[in-house]
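> What follows is a structure written as structure tokens; I'll ask about it next.
The values are calculated or read from the model by the stated rules, or taken from the named source; none is laboratory data. From a predicted model like this one, the values you see are computed outputs, not experimental measurements. Cβ sites come from the backbone with ideal geometry, for glycine too, and all protein chains shown count toward neighbours. The area values use the complete protein model at the heavy-atom level, side chains included, leaving out ligands, DNA and RNA. Shrake-Rupley method; radii C 1.70, N 1.55, O 1.52, S 1.80 Å.
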Amino acid sequence: MDQPSGRSFMQVLCEKYSPENFPYRRGPGMGVHVPATPQGSPMKDRLNLPSVLVLNSCGITCAGDEKEIAAFCAHVSELDLSDNKLEDWHEVSKIVSNVPQLEFLNLSSNPLNLSVLERTCAGSFSGVRKLVLNNSKASWETVHTILQELPDLEELFLCLNDYETVSCPSICCHSLKLLHITDNNLQDWTEIRKLGVMFPSLDTLVLANNHLNAIEEPDDSLARLFPNLRSISLHKSGLQSWEDIDKLNSFPKLEEVRLLGIPLLQPYTTEERRKLVIARLPSVSKLNGSVVTDGEREDSERFFIRYYVDVPQEEVPFRYHELITKYGKLEPLAEVDLRPQSSAKVEVHFNDQVEEMNIRLDQTVAELKKQLKTLVQLPTSNMLLYYFDHEAPFGPEEMKYSSRALHSFGIRDGDKIYVESKTK
């Protein structure tokens with residue numbers, strides 16, 4: 001049988017991991033293995049291979065000599081073949097069948113949709129636990145074949161494959177724990193629910209950038225569909241209703257949610273988005289990658305009560321009544337103006353005279369002296385100022401630094417300024 005044209009896996013392997021490009025590193029824990037070479041092999045003592053091989057973007061179209069692959073890759077556990085030119089599943093099978101310890105395989109951005117994956121070929125993948133098929137345009141028929149032949153598959157990546165629908169296989173896959181299926185076009189919940197049927201043990205579901213428009217499922221049915229789901233990402237989905245957020249409470253084991261960039265939350269401030277979502281999801285312990293502490297949860301739930309306190313009863317969400325039972329009806333927080341005071345009404349004491357006057361607090365001590373110059377009939381160079389806080393237990397404080405701003409003294413209405421002459 002003629003070998004397909006193009007660069008082979010074995011050719012690229014020899015080039016990249018030759019002693020010149022990948023020198024042998026001795027010592028424990030280095031992850032480098034030099035396997036025994038079969039008799040008569042021209043590769044004897046040439047390759048120094050780690051257990052993780054990265055051969056992405058190398059123009060690989062075929063496997064090459066299978067005996068050489070078996071000789072040098074017996075210990076390899078992870079293989080990245082992304083962004084190559086592999087279009088024939090038979091060639092992929094020739095590679096994988098000779099890597100018996102393989103657990104992770106990345107075939108992203110290879111045109112594998114140009115051939116059909118037969119079960120005999122898929123059988124060579126049987127030990128793989130993590131499979132990446134992003135942007136491979138793999139059909140659902142191909143995915144079904146893989147699921148049938150990979151009994152230990154735990155993680156599957158199907159991003160950027162232009163899926164608009166989901167096709168269920170005749171049997172479900174109980175081993176899969178994590179599914180990344182981002183950047184497709186799965187807008188209808190009827191398609192998403194099929195994933196629950198296919199993968200009943202699913203722990204993590206990443207649906208970002210799919211424009212899902214609603215979660216249309218009865219609460220009890222959601223619990224049966226995704227009984228083990230712990231984490232879900234709905235980043236940049238099309239969710240527009242708070243009822244969709246409430247539906248997430250129906251997943252019995254859900255702990256982590258990602259909800260950035262959805263239309264529902266666009267009108268709200270950053271603070272409102274996080275607090276309103278936290279308050280609606282009492283079992284979620286991590287939101288958008290950040291841990292929800294007990295203190296933040298209580299703050300959010302109290303915020304939620306106050307947010308809806310003046311809303312008509314018919315528009316108040318059910319969660320509001322649950323939180324009222326927990327905290328009682330809370331009064332709105334008092335609005336406190338924390339801006340610094342800009343002026344103060346003080347008493348100016350000089351000799352036996354007392355004058356009330358308004359002073360600006362953004363000016364300096366030197367500027368205040370100029371303001372007082374006419375009143376006390378003293379040149380600024382001969383003027384001593386003392387500030388007395390009428391509520392403080394201490395005596396007057398000399399205002400000795402000309403460049404110091406008045407607001408730094410904490411001057412308030414009713415305080416006193418004493419003016420004395422340096423030369424009495």
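> Of all strands (runs of 3 or more DSSP E) completely enclosed by the range 310-424, which ones contain at least 3 residues that are over 58 Å from the mean Cα position of the chain (by Cα)?
It comes to 343-350, 353-360, 416-421.
> OK, next. Of all residues in the range 273-296, count the ones that are assigned to a helix (DSSP H, G or I) and surrounded by fewer than 15 Cβ atoms within 10 Å (Cβ to Cβ).
Number satisfying all stated conditions: 2.
> From (1) open to solvent by 40 Å² or more (accessible area, probe 1.4 Å); (2) free of Cβ contacts under 8 Å to residues at least 12 places away in the same chain, pick out the condition that doesn't hold for Val316.
Val316 satisfies all of (1) open to solvent by 40 Å² or more (accessible area, probe 1.4 Å); (2) free of Cβ contacts under 8 Å to residues at least 12 places away in the same chain except (1).
> While we're on this one: Here are some residues: Arg280, Arg273. Which one is in contact with a Phe, Trp or Tyr (Cβ under 9 Å, 6 or more places away or on another chain) and farther than 19 Å from Gln187 by Cα?
Criteria check complete, one pass: Arg280.
> Let me ask something additional. Consider Ile181 carefully, then state whether it is in contact with a helix residue (DSSP H, G or I) (Cβ under 8 Å, 6 or more places away or on another chain), closer than 21 Å to Leu225 by Cα and modelled with pLDDT under 95.
no
> When Glu367 is evaluated against the numbered criteria (1) open to solvent by 50 Å² or more (accessible area, probe 1.4 Å); (2) modelled with pLDDT under 90, which criterion, by number, is the only one it fails?
(2)
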